[in-house]
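Only one structure is covered here, and it is reproduced in the block below.
The values are calculated or read from the model by the stated rules, or taken from the named source; none is laboratory data. Just so we're clear, the structure is a prediction, and the values are computed from it rather than from any experiment. Cβ placement follows ideal geometry from the backbone for every residue including glycine, while neighbour counts extend to all protein chains displayed. These area figures cover heavy atoms from the full protein model, side chains too; ligands, DNA and RNA do not enter into them. Shrake-Rupley method; radii C 1.70, N 1.55, O 1.52, S 1.80 Å.
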Amino acid sequence: MENINNITVLFGTLITLLLSVVAYFIKQLHTDFKSMEKDLVEVKTMALIIKTEFKSGNDLLNQKVEYLEKRVINIELTILKNQDHEK
């Protein structure tokens with residue numbers, strides 16, 4: 001009878017130890033997921049910032065191109081008027 005009790009205690013201790021190891025790894029996994037979630041939020045924020053900066057830079061470039069197109073048209077009209085007056 002004492003043998004059975006010793007085996008039961010041994011198995012109980014072994015199961016407790018194994019469950020402790022499993023719990024430790026689950027805790028580590030949970031910590032890693034929280035860290036990954038935080039990193040993902042940072043990546044999304046940086047992507048949004050880059051997208052916004054790109055859009056504003058693109059808008060500014062389009063404004064400059066439109067302004068230069070208007071200047072070229074005005075210069076062309078001025079040159080054409082000067083050629084008409086010379087004739």
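What the table below lists for this structure:
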read-out	value
Positive-end extreme of charge dipole, the chain - chosen from T16, L40, Q83 (charges on Cβ)	Q83
Positive minus negative residues near K38 (Lys, Arg vs Asp, Glu; Cβ under 13 Å)	-2
Accessible-area value, M36, 1.4 Å probe, nucleic acids and ligands omitted, Å²	110 Å²
Charge dipole magnitude, Cβ of K and R +1, D and E -1 - the chain, Cα centre, debye nearest 20	180 debye
Per residue accessible area of the chain, 1.4 Å probe, in Å²	100 Å²
³J(HN,Hα), Karplus 6.51/-1.76/1.60, whole Hz, each residue of region 9-16, x for Gly, Pro	5, 4, 5, x, 5, 5, 5, 4
Spatially near lysine pairs across the chain, Cα under 24 Å, sequence gap of 8 or more or different chains	8
Label assignment, semi-axes √(5λ) of the Cα gyration tensor in Å derived from the structure, set [x] 23, 14, 13; [y] 46, 15, 12; [z] 83, 7, 4	[z]
For region 36-48, Karplus couplings with θ = phi - 60° (6.51, -1.76, 1.60), whole Hz, Gly/Pro x	5, 4, 4, 5, 5, 4, 4, 5, 4, 5, 5, 5, 5
Whole-percent carbon and sulfur share, accessible surface of the chain, 1.4 Å	67 percent
